[in-house]
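Before any comments, here is the structure.
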Amino acid sequence: MPISFTAQNVCMPDINCCEVTDWVKRVAKSYGKRCGDIAYIFCDDERILEVNRDFLQHDYYTDIITFDYCTGNTISGDLFISLDTVLTNAQLVGEPYEKELYRVIIHGILHLCGINDKGDGEREIMERCENEALAMRAE
């Protein structure tokens with residue numbers, strides 16, 4: 001099953017898609033999951049706002065929107081990532097753009113693996129999982 005990478009209204013970010021694919025599969029496997037069809041769509045703020053309004057009835061910018069099509073232990077989904085918001089967030093938290101981009105790339109996968117971040121204490125769990133996954137990228 002393929003993991004695809006496309007860009008809408010932006011240039012493709014400077015990532016090694018083969019390495020990201022391998023990393024995503026290793027992270028999914030660490031949660032007992034396997035990868036099905038996963039589409040990364042890198043876009044600008046205006047496109048992610050449009051997706052947020054049209055599909056979620058939310059009227060705000062965000063760094064990622066994850067559409068979950070998982071079945072059983074197979075994770076599948078469309079992951080829209082606003083490179084504009086990733087850059088803004090990197091500047092706000094004082095992290096390099098590349099690190100923030102990889103954090104967001106894996107954030108969507110963690111959602112597909114069943115990790116949430118909206119309820120009490122869930123944000124801290126998500127951050128721990130993100131940090132563990134980022135450490136796996138270097139392996």
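Readers should treat all values here as calculations from the given coordinates under stated rules, not as data from a laboratory. The structure displayed is predicted, hence computed values, not measured ones. Counting neighbours? That spans all protein chains shown, and the Cβs are built from the backbone with ideal geometry, glycine included.
For the pair Glu50/Arg123, report the inter-label distance in nm, with labels modelled 7 Å from Cα in the Cβ direction.
In this crude spin-label approximation the distance works out to 3.1 nm.
Please check: in the Gaussian network model of the chain (C-alpha springs, under 10 Å), which one of Arg26, Arg47, Arg123 has the largest mean-square fluctuation.
Arg123
Using the Karplus curve 6.51 cos²θ - 1.76 cosθ + 1.60 with θ = phi - 60°, work out ³J(HN,Hα) for each residue of segment 40-51 in order, rounded to whole Hz, and write x for Gly and Pro.
With coefficients 6.51, -1.76 and 1.60, one gets 8, 10, 7, 8, 9, 4, 5, 5, 5, 5, 4, 5 Hz.
So if we plug the beta-carbon distance of Cys18 and Thr71 into 1/(1 + (r/R0)^6) with R0 = 30 Å, what FRET efficiency do we get, rounded to 0.05?
On the way: r = 26 Å, r/R0 = 0.85.
Step by step, r from the Cβ atoms, then E = 0.70.
Express the relative contact order of segment 3-139 as a whole percentage, based on alpha carbon pairs under 8 Å and six or more residues apart in sequence. Show your work: numbers first, answer last.
Numbers: 208 pairs, mean separation 30.5, N = 137.
Taking the mean separation of contacting Cα pairs over the length of segment 3-139, I get 22 percent.
Evaluate the charge dipole of segment 1-118 about its Cα centre and quote only its size in Debye, nearest 20, assuming +1 on the Cβ of each Lys and Arg and -1 on the Cβ of each Asp and Glu.
Computed charge dipole of segment 1-118: roughly 680 debye.
If you build a Gaussian network model of the chain, linking Cα atoms that sit under 10 Å apart, which residue out of Gly77, Gly119, Gly32 swings the most?
The residue that fluctuates most here is Gly119.
Once you order the gyration tensor axes a ≥ b ≥ c over the Cα atoms, which shape class does the chain get: rounded for a/c under 1.5, otherwise prolate or oblate by comparing a/b with b/c?
Here the chain falls in the rounded category.
Could you tell me which of Phe5, Leu49, Thr21 has its Cα farthest along the dipole of the chain towards the positive end, charges placed at Cβ (Lys, Arg +1; Asp, Glu -1), taken about the Cα centre?
Result: Thr21, furthest along the dipole toward the positive end.
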